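See below for the structure under consideration.
What follows is calculated from the coordinates using simple rules that are stated; it is not laboratory data. The structure displayed is predicted, hence computed values, not measured ones. Neighbour counts run over all protein chains shown; Cβ positions are idealised from the backbone, glycine included.
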Amino acid sequence: MKIAILTLPLHTNYGGILQCYALQTVLERMGHKVFVIEQKIKPARLPLHLMPFCYGKRILRNLIGHKSPIFYEQKYNRIQSAIRQNTDIFISRYIHIKKYKSFSDIGEDEYDAIVVGSDQVWRPIYFGASKIENAYLKFAERWNIKRVSYAASFGTNEWEYTQEQTYECGRLLKKFDAVSVRECSATLSCKQYFGVDAQQVLDPTLLLKKEDYINLCEATNTPKSKGNLLCCILDETDEKKELVRHIADEKGLTPFNVTAKIYDENAPLNERIQPPLEQWLRGFCDADVVVTDSFHACVFSIIFQKQFIVLGNKQRGLDRFSSWLTFLSLEERMINSFYDNNIWRLVLSKNINYTDIKQKLDAERLRSLVFLNKNIGDIK
């Protein structure tokens, strides 16, 4: 059976890539042929009619001492390609992507089912506010296929849809054969705004076992990490740096990170290249403690049964963390104040009982797999 996965575009985000890899793997183990569908991303390019004006303006700025690249778009494309080089290798090796100029170019008979999810695929600012309806299969609304969402996320419990988007996406979601979401609050949002019942399920990364991820590291002979305090911090601040330094000093740990300064245009290019995804996974193998403001780094800390602390990241959506941690009775692992050393000391003084966590995850994993088998596994 041919199944398409529709999720956020895969670039340099480790969690986004791994959730897609995990869902694809699970569906393939169920016996299906699986592809991830994406729209081709056009390289940055000036419209032809603007070239004389923009190039002329840039030349003039350079002549009066304001140094800036005249051919900025070409430079940008080269840099982005360099930044993605390692994650692109993982994607091309493990994920079966089919790219289309537009979703409307997909043939009705190409797939028997489309699975939407996971990640923040239903968050307009990430999927694209002008085309969020496509995350609800607007392009396929007249097709005779099975429509299922798996662990789709709004990313926040604040409603970010316009009135028009709410109506249209709700209309489209009612055509789905089964709806599942990642957060508890998302079940409430689906009911309140769309009038649709949704089931909460696990993030796809949790459907695989730790050994599945270790195998990825071993397949590339990934070298040992250079420390034992893994810092997965997406939005770095002086306060977060200071907190990491305090933890390292008091615990006698060596901090290390496996992420690059992707968005820092002032950083040297070699510091902006995202390291191999397997190196990021290896970090969880080698760490004694993890400090993070990343949702999926929090998830992988639990997969690898590490002691961890989550730094609240409101900008990226606190609800993702609170829903997940509350489910596991680990809500105290997230702190929102980085100044009081007594807070993190208290958190790290309590070791996580992973025997209880494993029991909860095993039961929830089974329930999530039953959802997939019930709603997708019966396609013949």
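Note on region 119-169: with charges restricted to the Cβ of Lys and Arg (+1) and Asp and Glu (-1), its dipole about the Cα centre is near 300 debye. The residue list F35, H66, I106 was ranked by how far each Cα lies along the charge dipole of region 1-159 toward its positive end, using unit charges on Cβ atoms, and H66 comes out on top.
Between Y76 and T237, take the C-beta separation as r, use R0 = 22 Å, and let me know the FRET efficiency to the nearest 0.05.
Values: r = 26 Å, r/R0 = 1.20.
For R0 = 22 Å, the calculated efficiency reads 0.25.
Please label the shape of region 219-349 as rounded, prolate or oblate, based on the square roots a ≥ b ≥ c of the eigenvalues of the alpha-carbon gyration tensor (a/c under 1.5 means rounded; beyond that, a/b larger than b/c means prolate, else oblate).
Working: a/c = 1.41, a/b = 1.31, b/c = 1.08.
Rounded, since a/c falls under 1.5.
Of interest is the spacing of the C-alpha centroids, which for region 218-241 and region 315-380 amounts to 21 Å.
Distance cut-off 20 Å, Cα to Cα: go down the list K131/K175; K251/K306; K209/K240; K175/K374 and report the pairs above it. Display every interim value, and only then the final one.
Details: K131/K175 18 Å; K251/K306 15 Å; K209/K240 31 Å; K175/K374 17 Å.
Long pairs (Cα-Cα over 20 Å): K209/K240.
The distance between label points at N270 and D286 comes to 1.9 nm (points 7 Å beyond Cα on the Cα→Cβ vector).
Could you give the size of the charge dipole of region 260-380 about its Cα centre, using +1 on the Cβ of each K and R and -1 on the Cβ of each D and E, expressed in debye and rounded to the nearest 20?
On the way: 16 positive and 15 negative charges, 75 e Å.
It comes to approximately 360 debye.
Taking the convex hull of the alpha carbon positions in the chain and averaging its projected area over all directions gives 21.2 nm². The dipole here belongs to the chain: it is taken about the Cα centre, uses +1 on the Cβ of Lys and Arg and -1 on the Cβ of Asp and Glu, and is about 980 debye.
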